[in-house]
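Have a look at the structure below, then the notes.
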Amino acid sequence: METKDLYKILGIDKGASQDDIRRAYRKLARKHHPDANREDPKAEERFKEVQHAYDVLSDPAKRREYDEGPRTFFGAGASPGGSGGRVDANFSDLSDLFGSFGGVFGGAGRGQSPATRGEDVTVSVNLKFKDALEGVTTRIAAPVEEACERCGGTGAAAGTGRRMCPECSGRGIRSRDQGFFALSEPCRRCGGEGTIVEVPCAGCAGGGRVRKNRQVTVKVPAGAKDGMKIRIPSRGSAGSKGGPPGDLYVVTRVAEHPVFERRGNDFLVDVPVSFVEAALGAEIEAPRPGGGTVKLRLPAGTQDGKRFKVRGAGSPRTRGDGEPGDLVVRVGVVVPKKLTRREREILEALAEERDENVREGLLRTASEAEV
Ligand SMILES: [Zn+2]
Ligand SMILES: [Zn+2]
């Protein structure tokens, strides 16, 4: 009969989430693991307690049963395959406890659970405007799951194998009665394999993988845009049970430039011109994204907001070896806030000479329009 509170064993409260439970278990399993506590004979007992608490609380159905009536739940037998606690038997050595399954289940599982590909992992890389424009090779740290070195990815502690899954009695599936139907679903405890590790590896708490920050070299192509995804094959998380690794995706985050605005493969730049330049026409200079300037002929009578395209003065294209992008120069006509005395005289003379009403069309349309 079990009297200890399973929540207390894991050091969590009753409202703990599945994640909390898993975290608490991993931490305690590592701490009390018999491998790591060879001098302490009580460690194994604590380890079994922790594992038992996890077995029950990590299974929503069992947890509910426990929450509702712990006594009836623990009254169940301890036979392997039964629903009861499996660790209250008094064995001095874990391998004695499970040794009888060694011959049958010592191998690599029953083959019901196929090799699983590792997850794709996405990380972002912050780039300076200039580096994105010219291309750069940089190092990033990618948080990925790697095969645990301690157990070689098997999840089993050194010298131990696998044993029959107590949840499904080794069948790998569980049947659920649903009124007329009996549904079969893969056993969640063993993932459909029919076996679980005998003693979890202390390095990975039985998962077979550990989280690492992998240093990866990324080659960012010249002209990289913000939000571009660079795929690095097979550099994501390691697969399980011999499955292939996932891919790594690096998403570019390009710093904004105070002057240039990226528009696809082109760049836009606002260039101020005086109202005299706009009226008479002029040769102006505009800055280029890669440095230096480009000369541009402004025709007489250029309107505010007019755009001019300078071919090839933008950025290198990111795909293929096509032409480089363009630089789009948007003209902003600047009206002087202050005039010198001479300027004022000239403009007043101009006003007398030119009797122009630039709003004539607007006023006529406004009064005549039938809407
Ligand atoms: Zn199972
Ligand atoms: Zn391991």
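The values are calculated or read from the model by the stated rules, or taken from the named source; none is laboratory data. Since the structure is predicted, the reported quantities are computational estimates derived from the model, not experimental observations. All Cβ positions, even for glycine, are placed from backbone atoms using ideal geometry, and neighbour counts span all protein chains on display. Note: areas computed on protein heavy atoms with side chains; ligands, DNA, RNA excluded. Shrake-Rupley method; radii C 1.70, N 1.55, O 1.52, S 1.80 Å.
When you look at Val218, is it surrounded by 17 or more Cβ atoms within 10 Å (Cβ to Cβ), of a type in the set (A, V, I, L, M, F, W, C), at pLDDT 90 or above and more than 16 Å from ligand 2 (Cβ to nearest atom), yes or no?
yes
Of Glu193, Glu145, Glu185, which residue is closer than 27 Å to Ala53 by Cα, part of a strand (DSSP E or B) and within 12 Å of ligand 1 (Cβ to nearest atom)?
Glu185
Just to verify a result, which residue in the range 129-167, among those that are free of Cβ contacts under 8 Å to residues at least 40 places away in the same chain and more than 16 Å from ligand 2 (Cβ to nearest atom), is surrounded by the fewest Cβ atoms within 10 Å (Cβ to Cβ)?
Among residues in the range 129-167 that are free of Cβ contacts under 8 Å to residues at least 40 places away in the same chain and more than 16 Å from ligand 2 (Cβ to nearest atom), the one surrounded by the fewest Cβ atoms within 10 Å (Cβ to Cβ) is Lys130.
Give the number of residues within the range 221-244 that are more than 16 Å from ligand 2 (Cβ to nearest atom), within 29 Å of Gly155 (Cα to Cα), open to solvent by less than 50 Å² (accessible area, probe 1.4 Å) and under 16 Å from the mean Cα position of the chain (by Cα).
Residues of the range 221-244 more than 16 Å from ligand 2 (Cβ to nearest atom): 221-236, 243-244.
Those left that are additionally within 29 Å of Gly155 (Cα to Cα): 232-236, 243-244.
So of that shortlist, the ones also open to solvent by less than 50 Å² (accessible area, probe 1.4 Å) come out as 232, 236, 243.
Then drop every residue that is not under 16 Å from the mean Cα position of the chain (by Cα), which leaves 232, 236.
Result for the range 221-244: 2.
Read through the list (1) touching a strand residue (DSSP E or B) at 6+ places or on another chain (Cβ under 7 Å); (2) of a type outside the set (Phe, Trp, Tyr); (3) at pLDDT 80 or above, then give the number of the only condition that Arg64 fails.
(1)
Mind listing just one residue for me: the one in the range 1-28 that is assigned to a helix (DSSP H, G or I) and touching a residue at least 60 places away in the same chain (Cβ under 8 Å) and, of those, nearest to Pro200 (Cα to Cα)? Give the steps one after another, and end with the answer.
Filtering the range 1-28 down to residues assigned to a helix (DSSP H, G or I) leaves 6-10, 18-28.
Filter once more, so that each one left must be touching a residue at least 60 places away in the same chain (Cβ under 8 Å): 6, 25-26.
Numbers: Leu6: 20, Tyr25: 11, Arg26: 10 Å.
Restricting to residues being assigned to a helix (DSSP H, G or I) and touching a residue at least 60 places away in the same chain (Cβ under 8 Å), the top hit is Arg26.
Okay, residues lined up against (1) small (Gly, Ala, Ser); (2) farther than 10 Å from Leu6 by Cβ; (3) without any contact (Cβ under 8 Å) to a residue 24 or more places away in the chain:
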| position | (1), (2), (3) |
| --- | --- |
| Arg30 | no, yes, no |
| Ala36 | yes, yes, no |
| Asp40 | no, yes, yes |
| Ala43 | yes, yes, yes |
| Lys48 | no, yes, no |
| His52 | no, no, no |
| Leu57 | no, no, no |
| Glu65 | no, yes, yes |
| Glu68 | no, yes, yes |
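Mind checking which residues of the range 148-182 are over 18 Å from Lys62 (Cα atoms), among the aliphatic types (A, V, I, L, M) and within 11 Å of ligand 1 (Cβ to nearest atom)?
The answer is Met164, and nothing else.
Any chance you could count how many residues in the range 192-215 are more than 16 Å from ligand 2 (Cβ to nearest atom) and either at pLDDT 95 or above or open to solvent by 40 Å² or more (accessible area, probe 1.4 Å) (or both)?
Summing the residues that are more than 16 Å from ligand 2 (Cβ to nearest atom) and either at pLDDT 95 or above or open to solvent by 40 Å² or more (accessible area, probe 1.4 Å) (or both) in the range 192-215 gives 2.
Which ones in the range 196-217 are outside any loop (DSSP other than H, G, I, E, B) and away from ligand 1 (no atom under 16 Å from the Cβ)?
Within the range 196-217, Arg209, Val210, Arg211, Lys212, Asn213, Arg214, Gln215, Val216, Thr217 qualify.
Can you list the strands (runs of 3 or more DSSP E) found entirely within the range 287-369 that contain at least 3 residues being free of Cβ contacts under 8 Å to residues at least 24 places away in the same chain?
293-298
Does Ile173 satisfy the criteria of being among the hydrophobic types (A, V, I, L, M, F, W, C), under 30 Å from Gly291 (Cα atoms) and more than 16 Å from ligand 2 (Cβ to nearest atom)? Working first, answer last.
Working: among the hydrophobic types (A, V, I, L, M, F, W, C): yes; under 30 Å from Gly291 (Cα atoms): no; more than 16 Å from ligand 2 (Cβ to nearest atom): yes.
No; evaluated as a whole, the condition is false for this residue.
Kindly check whether there is at least one residue in the range 349-371 that is under 28 Å from Lys309 (Cα atoms) and within 55 Å of the chain's Cα centre (by Cα).
no
Residues Glu343, Glu323, Glu348: which one is modelled with pLDDT under 95, surrounded by 11 or more Cβ atoms within 10 Å (Cβ to Cβ) and under 30 Å from Ile230 (Cβ atoms)?
From the options Glu343, Glu323, Glu348, the qualifying one is Glu323.
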